[in-house]
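Trainee: Below is the structure I would like to discuss, written out as structure tokens.
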Number of protein chains: 2
Amino acid sequence: MEMVSHEKLGLMSGGFVWVKGLFAKLVEVASKTRALGKDDPRRVIHSLKLGLTLTIVSMLYYYKPLFANFGVSAMWAVMTVVVVFEFSVGATLGKGLNRAFATLFAGALGAGAHHLAALSGHVGQPIITSIFVFLLACILTFMRFFPSIKAKYDYGMMIGILTFSFVSISGVGDDEILLLLQKRVSTIFLGVCVCVVISISISPFWAGQDLHNRIALNIEKLALFFQGYGSVEYFKTLQDREAKDDKSIQAYKSILKSSGIEDTLYNFARWEPGHGCFQFRHPWKQYLKIGALTYQCAFRIDALHRNLSSSSFQVSQEIQTQIQEPCMEMSMETGKALRQLVSSIREMTQPTLAEIHTNNSKAAAKKLKASLKSSRLWESCDLLTLIPAANVGTLLVDVVDITEKIAEAVQELASLAHFKAAKPAEAAIQSEKEKVEPNSGVSFVTIPIGSG
Amino acid sequence: MEMVSHEKLGLMSGGFVWVKGLFAKLVEVASKTRALGKDDPRRVIHSLKLGLTLTIVSMLYYYKPLFANFGVSAMWAVMTVVVVFEFSVGATLGKGLNRAFATLFAGALGAGAHHLAALSGHVGQPIITSIFVFLLACILTFMRFFPSIKAKYDYGMMIGILTFSFVSISGVGDDEILLLLQKRVSTIFLGVCVCVVISISISPFWAGQDLHNRIALNIEKLALFFQGYGSVEYFKTLQDREAKDDKSIQAYKSILKSSGIEDTLYNFARWEPGHGCFQFRHPWKQYLKIGALTYQCAFRIDALHRNLSSSSFQVSQEIQTQIQEPCMEMSMETGKALRQLVSSIREMTQPTLAEIHTNNSKAAAKKLKASLKSSRLWESCDLLTLIPAANVGTLLVDVVDITEKIAEAVQELASLAHFKAAKPAEAAIQSEKEKVEPNSGVSFVTIPIGSG
């Protein structure tokens with residue numbers, strides 16, 4: 001009796017633990033889901049958009065006049081929606097056009113192959129068809145390895161093999177094949193059209209806009225680093241720096257981790273029509289160039305940061321007074337130049353003011369080089385502590401060079417994409433402001449001061 | 001008369017130019033194709049394998065007994081081959097299993113939804129079905145944003161939405177639906193089986209093997225750098241170094257460019273059954289850890305390389321005699337340690353000898369630090385030229401730390417994957433050899449000296 005009740009208790013508590021575990025798991029999944037949606041609410045909208053598109057297309061099935069016409073082929077429209085509807089307009093358009101035109105061309109080719117094979121009678125037909133299918137599959141599969149084809153037409157190649165096989169091996173007559181093909185192509189076109197229309201008309205997500213924002217954001221992350229370091233005294237002790245060493249300074253690290261995303265966005269953006277401030281043939285390629293330079297800059301900043309935060313980094317009072325000023329000025333001016341570039345990209349205006357800051361930081365770099373060479377510095381202080389400081393200085397000079405290249409690339413983008421000129425009045429006020437407070441330590445969480 | 005003949009000549013020469021251009025283009029495409037095939041001959045084999053599989057499956061269409069059973073559904077098998085057959089076994093298996101099981105489960109769910117909707121009569125059915133389709137599409141699409149699901153089940157989610165929509169909106173009776181579903185599932189399973197069997201039986205390309213080779217190759221590239229620099233006098237003049245600065249030394253740069261490939265290979269390798277020397281639950285994740293450390297090491301090597309090849313890098317005779325020896329020794333020993341790790345990974349033996357070299361390079365690092373601190377160095381030479389040399393030394397010390405971490409990670413891999421012990425006799429001979437010729441400047445193009 002007691003044993004049985006013990007067992008019952010054991011079972012109950014076991015069941016309780018299990019339910020508790022399940023509940024904890026559910027709570028975890030729910031919180032993860034909320035985090036994912038909060039992180040980028042466009043994910044939720046995208047899911048709803050796909051659900052809506054699919055529902056609309058599947059309704060065709062129930063709407064008799066259309067269904068009677070398409071028959072079972074209406075399935076192809078449903079299939080098209082699921083396969084083609086992607087997050088950004090560019091990806092959807094690219095996949096949709098690939099699917100539609102690959103079906104059209106490969107279908108026509110398949111019909112031709114079917115007709116040719118049928119000429120050789122009942123025995124020869126399977127053999128000839130198989131040879132055709134084998135050859136086309138081999139050629140198109142190999143073509144998918146070409147990088148230029150892979151970037152733009154990978155999906156089309158696959159659909160090409162698919163449709164060609166479908167049509168050429170189908171065991172029906174030539175007339176029926178044409179009817180089948182016509183139905184397939186029209187339902188697929190219909191599906192693609194619905195996808196594209198809904199993708200563009202209901203809160204569209206443009207890959208081009210994403211690329212544009214991303215490049216601006218990455219340059220801003222570099223600016224955060226320079227302004228973060230420039231606004232404090234440069235060669236503080238390790239402890240002081242660690243307190244200062246908050247996340248906004250280290251934002252540049254994310255640039256190093258996600259270098260492939262820009263290529264993907266570029267491939268999608270090429271499919272997109274003009275939208276917002278972007279014309280049809282916007283120079284998207286230039287963004288990749290700026291992105292590569294930004295990556296290189298982040299790469300060097302990482303070396304600089306490691307140097308500054310290394311435990312062996314100790315700087316004496318003498319060095320502080322000697323080379324701190326040019327270092328701070330270089331850092332601040334580079335930060336300001338980058339900020340100007342960011343606001344120039346964001347507002348699509350000419351980056352006229354960036355040049356002033358680039359020149360300022362180049363002048364500071366010269367000053368730094370001169371003081372590193374002056375014998376006064378070498379005589380007055382402990383040599384072992386000078387090396388890391390001098391090293392930091394050299395790295396800074398190196399970084400200023402890359403910043404100049406970034407500025408040139410943005411200038412090139414501005415002229416390629418015909419950015420409008422910055423308003424002269426505002427620009428003047430802006431530069432006045434800068435003169436009054438040259439080292440005011442602009443907080444790096446403020447919104448960038450616009451120039452147009 | 002003359003004008004006409006002139007025009008003719010013009011047309012002819014125009015036509016000739018056109019033909020010439022076409023011919024040049026064709027030659028270019030042909031040479032590109034050959035280069036692509038030569039670069040990795042597996043691409044050609046993959047194309048042939050896909051062609052073969054597709055031909056075999058499409059033959060089902062002509063083989064009456066099977067065709068009579070499957071009917072038009074045989075198309076699904078053809079479709080499955082085109083969509084599922086990927087380059088590596090892991091990718092094919094992953095996509096195939098995703099497709100097969102997603103079709104099975106979503107099909108059953110769709111049949112249930114169809115049955116439920118049918119209960120509500122002719123008017124209610126479309127509405128209820130649409131609600132089901134909308135909900136499932138939204139949920140599964142959102143689930144695709146979860147990184148863990150995206151890595152393994154992305155394709156399954158898509159096929160799930162597809163099959164559920166297909167089955168639930170099909171306008172046929174319950175019995176027919178079950179028959180349709182049974183046919184679809186069986187043809188898809190058939191297609192997947194043929195793909196997997198051919199992918200494994202005819203010259204299989206394993207993603208796991210690729211990952212294994214790739215990691216070993218990347219460590220070898222690091223070793224090439226160290227042995228390349230260690231075998232020459234370290235602080236040569238710029239001109240001397242540039243002559244030496246051949247491609248084998250700069251091989252490490254490719255590591256920086258392709259950091260995403262390992263993640264992809266890892267995701268595929270997880271699907272693969274045991275093959276060759278790899279058991280089913282081979283610790284693939286450990287390769288990612290080693291890969292990340294290799295990337296970091298290459299990152300620092302790049303900074304080191306930039307320092308050494310910078311135009312301002314000038315080293316006096318004094319420095320050469322003072323710090324060259326420890327730098328060379330560190331470089332050589334690190335290179336040897338890395339080589340040992342490479343051969344340990346390649347031959348799947350315990351990396352026993354690597355530790356000796358790691359310790360040697362640590363000892364050299366200590367020596368270097370000591371001579372950098374000694375006042376003799378500071379007094380005897382030009383200070384401005386000392387900074388870059390000291391900087392190179394510091395970077396080298398930094399790199400040795402990471403090499404040690406790589407050695408630890410490989411050791412961990414060896415114990416996780418139960419690598420066999422290196423043969424003691426050979427190991428002893430090996431270490432004897434090392435003692436006799438400690439700085440023999442092993443050429444870095446020789447095949448790694450095996451330890452087991």
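The values are calculated or read from the model by the stated rules, or taken from the named source; none is laboratory data. Nothing here was measured: the structure is a model prediction, and the numbers come from that model. All Cβ positions, glycine included, derive from the backbone under ideal geometry; neighbour counts span all protein chains shown. Heads up: the accessible areas ignore ligands, DNA and RNA and are worked out on the full protein's heavy atoms, side chains in. Shrake-Rupley method; radii C 1.70, N 1.55, O 1.52, S 1.80 Å.
Trainee: Looking at (1) within 12 Å of chain B (Cβ to nearest Cβ); (2) free of Cβ contacts under 8 Å to residues at least 60 places away in the same chain, which is the only condition residue A:116 fails?
Mentor: (1)
Trainee: Would you mention how many residues in region B:46-66 are touching a Phe, Trp or Tyr at 6+ places or on another chain (Cβ under 8 Å) and in a helix (DSSP H, G or I)?
Mentor: 9
Trainee: Here is a follow-up. From the list B:87, B:105, B:101, pick out the single residue that is at pLDDT 90 or above, under 23 Å from residue B:200 (Cα atoms), open to solvent by 20 Å² or more (accessible area, probe 1.4 Å) and in a helix (DSSP H, G or I).
Mentor: B:101
Trainee: Could you give me the residue pairs with C-beta distances under 7 Å whose first residue belongs to region A:283-302 and is in a loop (DSSP other than H, G, I, E, B), whose second residue is buried (at least 23 other Cβ atoms within 10 Å of the Cβ) wherever it lies, and which are 6+ apart or on separate chains?
Mentor: That search, which allows pairs on different chains as well, returns A:283/A:413.
Trainee: If you take the residues in region A:123-142 that are open to solvent by 40 Å² or more (accessible area, probe 1.4 Å) and facing another protein chain (nearest Cβ under 9 Å), which one is nearest to residue B:32 (Cα to Cα)?
Mentor: Filtering first and then ranking leaves A:139.
Trainee: Shifting gears a bit: Mind counting the residues in region A:269-281 that are open to solvent by less than 70 Å² (accessible area, probe 1.4 Å) and within 21 Å of residue A:153 (Cβ to Cβ)?
Mentor: Final tally of qualifying residues: 4.
Trainee: Would you check if residue B:433 is modelled with pLDDT under 75, in a helix (DSSP H, G or I), surrounded by fewer than 14 Cβ atoms within 10 Å (Cβ to Cβ) and away from chain A (no Cβ under 14 Å)?
Mentor: yes
Condition check ((1) away from every other protein chain (no Cβ under 14 Å); (2) farther than 18 Å from residue A:414 by Cα; (3) touching a strand residue (DSSP E or B) at 6+ places or on another chain (Cβ under 7 Å)) across all residues:
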{"site": "A:250", "(1), (2), (3)": "yes, yes, no"}
{"site": "A:258", "(1), (2), (3)": "no, yes, no"}
{"site": "A:263", "(1), (2), (3)": "no, yes, no"}
{"site": "A:267", "(1), (2), (3)": "yes, yes, no"}
{"site": "A:270", "(1), (2), (3)": "yes, yes, no"}
{"site": "A:293", "(1), (2), (3)": "yes, no, no"}
{"site": "A:302", "(1), (2), (3)": "no, yes, no"}
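Trainee: Open to solvent by less than 40 Å² (accessible area, probe 1.4 Å), modelled with pLDDT under 90, in a helix (DSSP H, G or I) and more than 8 Å from chain A (Cβ to nearest Cβ) - does that describe any residue in region B:161-171?
Mentor: yes
Trainee: Here is a follow-up. Could we say that residue B:321 is modelled with pLDDT under 70 and either open to solvent by 30 Å² or more (accessible area, probe 1.4 Å) or in a helix (DSSP H, G or I) (or both) here?
Mentor: yes
Trainee: While we're on this one: Which of the numbered conditions does residue A:16 fail, given that it passes all the others? Conditions: (1) over 30 Å from the mean Cα position of the chain (by Cα); (2) within 9 Å of chain B (Cβ to nearest Cβ).
Mentor: Residue A:16 satisfies all of (1) over 30 Å from the mean Cα position of the chain (by Cα); (2) within 9 Å of chain B (Cβ to nearest Cβ) except (2).
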